[in-house]
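The values are calculated or read from the model by the stated rules, or taken from the named source; none is laboratory data. Everything quoted here is computed from the prediction, not taken from an experiment. Reconstructed Cβ throughout: ideal geometry from the backbone, glycine too, with neighbour counts over all protein chains shown. Each accessible area value is taken on the protein alone, full model and side chains, heavy atoms only, with ligands, DNA and RNA left out. Shrake-Rupley method; radii C 1.70, N 1.55, O 1.52, S 1.80 Å.
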Amino acid sequence: MTEFVLAFAAFLAAHVAPAATGLRAAAVARIGRRRWVLGYSLLSTALLAWLVSAAIRAPHVALWAPSRPLALAPFVAMPLACVLLAAGAGRANPVSVAFRGGPADAARPGVLALTRHPILWAFALWGGSHALANGDLVSVVMFAGFALFALAGMRALEGRARRRGETAAFALASGPLAMRLRRAASPRLAVEAGLGLLLFALLLALHGPAIGIDPTAWL
């Protein structure tokens, strides 16, 4: 359990400290955004791998018994989460987490016309659905922690964006839903949605070999 706590603390610190301490801004100014994103992504992936492996080795303390309805929650949430991740990953988004810098494309906003935080919503859906499906102490702490961290991050990032005066980016995801759907629709969004569903299929296929649990057994 000690290793899990340390891994979880390191993962959270790596996602809070760079912005809170000014490290991110200093690193981007020194080495450029592209190198920062690459290095930070590698660090995040390594910390996530450590966290998951520590969670697998941690003692099992059941909070509720597994059941088919709860085990199916990820099958409902994860396709949408993967589509949101794929649709948000390639778009500049000054309001939220983004892998590209610069202003949002107001003429072709794609998923940003539907939500300001596609990547954070993807993590929230992933964390929340997996907390329900597992039901043991370590899984609930880890996955519910991811979900809450993502939801809290939305508010914090919007506050920073407002202080920077990112009014145009906020306007993209405002207005009646029908109008936003028309703005979002495009061949590129369709391709992104297809890639997201392929990602879901890949994660589902690798889940058993990588994690040791085959979620399709509940189907």
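If R₀ is 30 angstrom, what is the calculated FRET efficiency for the pair R164 and V52, using the beta carbon separation as r and rounding to 0.05?
E between R164 and V52, to the nearest 0.05, is 0.30.
Among (i) 48, 40, 25; (ii) 93, 34, 23; (iii) 55, 35, 34, only one was calculated for this model; which label is it, if the read-out is Cα extents along the principal axes in Å?
(i)
Under the 0.36 nm per residue contour assumption, what length would be gained going from the current alpha-carbon distance of L137 and S41 to full extension?
31.8 nm
Which length gain, in nm to one decimal place, applies between A92 and A152 when the Cα-Cα distance is subtracted from 0.36 nm times their residue separation?
Computed gain between A92 and A152 is 19.5 nm.
List the residue ranges in the chain for DSSP H helices whose C-alpha atoms run 20 angstrom or more along the long axis and whose Kyte-Doolittle average is 0.0 or above.
For the chain, where a helix must reach 20 Å along its axis and average at least 0.0, the hits are 2-21, 33-57, 73-89, 118-134, 137-164, 187-211.
At 7 Å along Cα-to-Cβ for each site, give me the label-to-label distance between A62 and R188 in nm.
So the two model labels end up 5.0 nm from each other.
Quick one: Cα centre-to-centre distance for the stretch 12-81 and the stretch 128-199, in angstrom?
15 Å
How far apart, in nm, are two points set 7 Å out from the Cα along the Cα-to-Cβ line at D105 and at T216?
Rounded to a tenth, the inter-label distance reads 3.5 nm.
Can you tell me the relative contact order of the chain? Whole percent, Cα pairs under 8 Å, sequence separation 6 or more.
Computed over the chain, the figure is 23 percent.
Could you report the chain's accessible area per residue, 1.4 Å probe, as an integer in Å²?
55 Å²
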